[in-house]
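A.B. asks: Sharing a structure below in structure tokens format, with a few things to ask.
Bear in mind that the values in this text are calculations on the coordinates, not laboratory data. As the structure is a computational prediction, the values presented were derived from the model and not from experiment. Every residue, glycine among them, receives a Cβ derived from its backbone with ideal geometry; neighbour counts consider all protein chains shown.
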Amino acid sequence: MSTGFDLLTHDQTLQKHWLKRFIAIVIDVFLIFVPVNIFMSVFGWTNDLLLFNLGGYISGFVWFIYSSILDYTANGTVGKLLMGLRVVSVRGRLEPHQSMMRNITKVFGLFLIIDFLVGMIVDTSDPRQKYTDRLAATSVISHREIPF
């Protein structure tokens, strides 16, 4: 049985898909974490280690809310849309609970990495899916080409 990693090493389209998703994450992280850290700096919260960790959790929660709302209302976050990607339901119309389920691992960044790894190791019926995409019956698809 082949894994998503086996497919990823040979399929250039899949490589491009995951590269676009990675760039989309970088864009979204910048849009969320920079303002949260600026907000924390304004209030002098950056010097306290406990509050810094709290800031990471706050940023993760904001990222979860941001991603859930935009995936549901616009079929993708700013990063995904800039990269020509869309979030779709594999069962018809995307529902709010599907959007929340696929984004829950964004609350803690390490969980997002684990989500990707498990998704690539477990079932490869759609190697474009993280594990929570499978649970939520969603997928991220390319809806337009971008030059790179």
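A.B. asks: What does the charge count near residue 74 come to, summing +1 for each Lys or Arg and -1 for each Asp or Glu among other residues with Cβ under 10 Å from its Cβ?
C.D. replies: Summing Lys and Arg as +1 and Asp and Glu as -1 gives +1.
A.B. asks: Quote the charge dipole size of segment 12-142 about the Cα centre in Debye, to the nearest 20; the model charges only the Cβ of Lys and Arg (+1) and of Asp and Glu (-1).
C.D. replies: Roughly 420 debye for segment 12-142.
A.B. asks: To continue, here is another question. Which one, 55, 131, 90, is farthest towards the positive end of the dipole of segment 12-142 when Lys and Arg carry +1 and Asp and Glu -1 on their Cβ?
C.D. replies: So the residue we want is 90.
A.B. asks: Moving to a separate point now. Helix 49-74: angle to the longest alpha-carbon principal axis of the chain, degrees 0 to 90, nearest 10?
C.D. replies: With both axes taken from Cα atoms, the answer is about 40 degrees.
A.B. asks: Write down the Å³ per residue value for the convex hull defined by the alpha carbon atoms of the chain.
C.D. replies: 118 Å³
A.B. asks: Sort segment 90-148 into rounded, prolate or oblate with this rule: let a ≥ b ≥ c be the square roots of the eigenvalues of the Cα gyration tensor; rounded if a/c is under 1.5, and if a/c is not under 1.5, prolate when a/b is larger than b/c, oblate otherwise.
C.D. replies: Verdict is rounded for segment 90-148.
A.B. asks: Using the Karplus curve 6.51 cos²θ - 1.76 cosθ + 1.60 with θ = phi - 60°, what ³J(HN,Hα) values do you get for each residue of segment 117-127, in whole Hz, with x for Gly and Pro?
C.D. replies: 4, 5, x, 7, 8, 6, 8, 10, 4, 9, x
A.B. asks: Please determine, in degrees from 0 to 90 and to the nearest 10, the orientation of helix 12-42 with respect to the longest principal axis defined by the Cα atoms of the chain, where the helix direction is its Cα long axis.
C.D. replies: The two axes meet at around 10 degrees.
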